[in-house]
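Accompanying notes for the structure given below.
The values are calculated or read from the model by the stated rules, or taken from the named source; none is laboratory data. Bear in mind that the values here come from a model prediction, so they are computed numbers and not experimental data. Here Cβ is always computed from backbone atoms with ideal geometry, including for glycine, and neighbour counts include all displayed protein chains. Heavy atoms of the whole protein, side chains included, go into the accessibility calculation; ligands, DNA and RNA do not. Shrake-Rupley method; radii C 1.70, N 1.55, O 1.52, S 1.80 Å.
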Amino acid sequence: TSMVHYCEAEYCGAPATKRCSRCAEARYCSADCQRRDWNSLHKYECAGLAAQNASRTNRSSSSSASKAKKPFVPKECVRCRTMVTDENSECRVGHPEAQLEWKGSCTFVGDGPKPEFGYTVDYLCTSCGECIVRKETEAGESHSSGSRTCYRGRHCFHESGISEEDTRR
């Protein structure tokens with residue numbers, strides 16, 4: 001059976017049928033998703049991936065060794081700061097606390113049949129633009145609504161693959 005690859009554009013995840021023509025690593029379901037991903041992330045990592053592929057191709061064509069794929073060596077992802085042991089796993093980064101900006105609304109919660117006294121606070125993640133509502137109870141518990149991930153996509157193993165503007169690390 002063949003491996004199913006998924007679109008790498010943020011918030012998509014549909015089965016991918018196309019590849020980036022330059023690096024041949026990034027996969028997409030449509031030209032629209034490829035354009036979106038290029039503008040948000042892929043343009044910063046494409047050249048490096050293409051160079052890696054070119055050197056891999058040169059090494060494999062010049063060697064008479066077996067054409068078998070080398071096993072993946074675990075590496076640390078510079079974006080999510082986790083040790084990656086499966087090259088096909090997905091990188092997910094939560095909303096960085098330093099990037100949460102208070103939107104100015106705060107509501108006291110305490111009504112209903114089982115009142116939970118506390119506050120709901122609205123934040124804006126300045127990295128991805130998502131609004132997060134946090135419910136902070138009197139007991140010190142914190143519950144959030146909205147997406148838990150600020151970034152979802154490919155792992156990055158080289159600092160040069162992440163732009164300086166990307167604040168999600």
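Structure data summary
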| quantity | calculated |
| --- | --- |
| Cβ-Cβ under 7 Å pairs, at least 6 apart or on other chains, the stretch 25-42 side more than 17 Å from residue 128 (Cα to Cα), far side among the β-branched types (Val, Ile, Thr) | 29/17 |
| In the stretch 120-169, the residues that are among the aliphatic types (A, V, I, L, M) and either at pLDDT 70 or above or touching a Phe, Trp or Tyr at 6+ places or on another chain (Cβ under 7 Å) (or both) | 121, 124, 132, 133, 162 |
| Residue pairs meeting the criteria (Cβ under 8 Å; at least 6 apart or on separate chains; first in a loop (DSSP other than H, G, I, E, B), in the stretch 59-81; second basic (Lys, Arg) and at pLDDT 80 or above) | 80/92 |
| Residue within the stretch 80-99 that is over 30 Å from residue 16 (Cβ atoms) and either modelled with pLDDT of 80 or more or open to solvent by 50 Å² or more (accessible area, probe 1.4 Å) (or both) present | yes |
| Subset of the stretch 15-33 (residues that are touching a helix residue (DSSP H, G or I) at 6+ places or on another chain (Cβ under 8 Å) and not hydroxyl-bearing (Ser, Thr, Tyr)) | 18, 20, 22, 23, 24, 25, 26 |
| Residue 9 being at pLDDT 80 or above, over 24 Å from residue 130 (Cα atoms) and either touching a strand residue (DSSP E or B) at 6+ places or on another chain (Cβ under 7 Å) or open to solvent by 40 Å² or more (accessible area, probe 1.4 Å) (or both) | no |
| Selected residue (criterion: most open to solvent (accessible area, probe 1.4 Å)) from residues of the stretch 48-67 that are in contact with a helix residue (DSSP H, G or I) (Cβ under 9 Å, 6 or more places away or on another chain) and at pLDDT 80 or above | 48 |
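For (1) open to solvent by less than 40 Å² (accessible area, probe 1.4 Å); (2) modelled with pLDDT under 80; (3) of a type outside the set (Lys, Arg), each residue gets a yes or a no:
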| residue | (1), (2), (3) |
| --- | --- |
| 37 | yes, no, yes |
| 43 | no, no, no |
| 69 | no, yes, no |
| 72 | no, yes, yes |
